[in-house]
Amino acid sequence: MEFLKITNKQKLQQSSPLKSILIITNSFDKTATYIEKKYDKLANFFRLNVDKTNQYDITVRQDKISIKDLTSKQSISSEKIYSVYYRKISFPSLSEYDSSYHLLMKSEIYSLIRGIADTVGSKALTRPSVLAKADNKIVQLKAAQECGLLVINSLITNNNFEAKKFIGNNDANFIVKPLSTGKIYHQNKMEIIQTNLVENKKILNLEKCPSYFQNYVKKSFELRITVVDGRLFPVKIISKDKIDWRSYKNQIEYYKAKVPVNIEQSIKKMMFNLNIKFAAFDFIVGTDNKYYFLELNANGQWQWLEKALNIPISLEIVRYLLGE
């Protein structure tokens, strides 16, 4: 019914030009493709694949930004962009250049793309400058506590002694997880470090690689709560793997869920304080029936949940980007 409402409204406004949404992403982003195809009658999408930067002409002047797709011959300029959907970017291959220049070149590309994403359009999900703060785990710990969410006993440190003291002899009662993305790039593949039970004797070499330790909470289930402009889409996750439901070849079941009013209010307050309109929150519901905040991803994935449970996350995203 909600989709019919917006579709009918669009039919009444066929004489009006569609608003333009700039999607900043990479060429293998299936979620961006999904949105483009599903809502092509409601908006004009212009896609900038950062890993194919050489296939675009990008010019920035003091009064105008212009982007031309050299393949499709389509172009867009800043005065035509209504909103920006900033997704997951990747860098182009730089193998033809001396490796000593790769870091500089990637930094220059990122500065260009971030500058565009931070300035064009009247709306955005989400400006890179805002994402950088909201996705920081230390910022999240403080923000969650200030907003009344229950936070698990945690330690983030680069001190081996402090980490060992925190864990003590109760290895089975503590987990360790990355402070950032946990991605390791090999020559032909990418590895992701996920949440693991920690062994005290293996706590070594933190001096130049700080880690994030927490008490292990026995869980009844986990919650992924996707939030778009104040609307919550809670999903109950039943996982065979009791440490990290994202583990490889894990058996998972998804169900629509509800959250208590106080948790919903705290989530909305936290998003307001972090100045974000989109986030994917992860919670544990313990065997004690308490809701424990784990983390949020201010640019988290959601498409698989929409497809699995037929929940209209994409519709809310497009509505927000169109100013509905």
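Throughout, read-outs are computed from the coordinates displayed, never taken from laboratory work. Note that the coordinates shown come from a computational prediction; the quantities given were computed from them, not determined experimentally. With ideal geometry, Cβ positions are generated from the backbone for all residues, glycine too; neighbour counts draw on all protein chains shown.
When the Gaussian network model of the chain links Cα atoms closer than 10 Å, the mean-square fluctuations of R61, R114, R127 top out at R61. Among the listed options (i) 62, 49, 38; (ii) 68, 56, 36; (iii) 66, 44, 42, the one matching Cα extents along the principal axes in Å as calculated from these coordinates is (ii). Students often get this wrong: which residues of segment 21-61 have the backbone nitrogen under 16 Å from the point 7 angstrom along Cα-to-C-beta of T119? Residues passing the 16 Å test: 58-61.
Placing unit charges on the Cβ atoms only, positive for Lys and Arg and negative for Asp and Glu, gives segment 1-160 a dipole magnitude near 680 debye about its Cα centre. The phi torsions of segment 303-316, fed into the Karplus equation with coefficients 6.51, -1.76 and 1.60 and a -60° offset, translate into couplings of 4, 5, 6, 4, 6, 5, 10, 6, 9, x, 5, 4, 4, 5 Hz, rounded to whole numbers, with Gly and Pro shown as x. Calculated mean residue ellipticity at 222 nm for the chain: -8500 deg cm²/dmol, from DSSP H runs with n ≥ 4 weighted as -39500 (n - 2.57), summed, divided by the residue count and rounded to 500.
Sorted ascending by nearby beta carbons within 10 Å, beginning with the fewest, L104, L18, L274 become L104, L18, L274. Each of K133 and S180 was given a label point 7 Å from its Cα along the Cα-to-Cβ line. The distance between the two points is 2.0 nm. Given a Förster radius of 41 Å and the C-beta distance between L94 and I252 as r, what FRET efficiency does 1/(1 + (r/R0)^6) yield to the nearest 0.05? The formula returns an efficiency of 0.65 here. Contact order for segment 2-126, expressed relative to its length and based on alpha carbon pairs under 8 Å spaced 6+ residues apart, stands at 27 percent. With Cα atoms defining each centre, segment 247-312 and segment 82-131 are spaced 27 Å apart in the structure. For q = 0.11 Å⁻¹, what log10 I(q)/I(0) does segment 88-182 give under the Debye formula with an equal point scatterer on each alpha carbon and no solvent? Debye intensities relative to I(0), on a log10 scale: -0.59. What is the calculated FRET efficiency for I193 to E79, with r their C-beta to C-beta distance and R₀ = 30 Å, to the nearest 0.05? E between I193 and E79, to the nearest 0.05, is 0.10. Here segment 82-106 is scanned for amide nitrogen atoms under 11 Å from the site 7 Å beyond the Cα of S27 along Cα-to-Cβ, giving 92-93.
Of all beta bridges that DSSP places with both ends in the chain, some 75 percent have antiparallel geometry. Highest mean first, the peptides 94-102, 63-71 sorted by other C-beta atoms within 10 Å per residue fall in the order 63-71, 94-102. In a simple Cβ point-charge model (Lys, Arg +1; Asp, Glu -1; nothing else charged), the chain has a dipole of about 660 debye relative to its Cα centre.
By the rule of a C-alpha distance below 18 Å, with chain neighbours fewer than 8 residues away ignored, the aspartates and glutamates paired with K64 are E79, D118. For segment 2-126, the Kirkwood estimate of hydrodynamic radius, built from reciprocal distances between every pair of different alpha carbons, is 15.8 Å.
Maximal additional length on extending the M105-L70 stretch stands at 10.5 nm, based on 0.36 nm per residue less the C-alpha distance.
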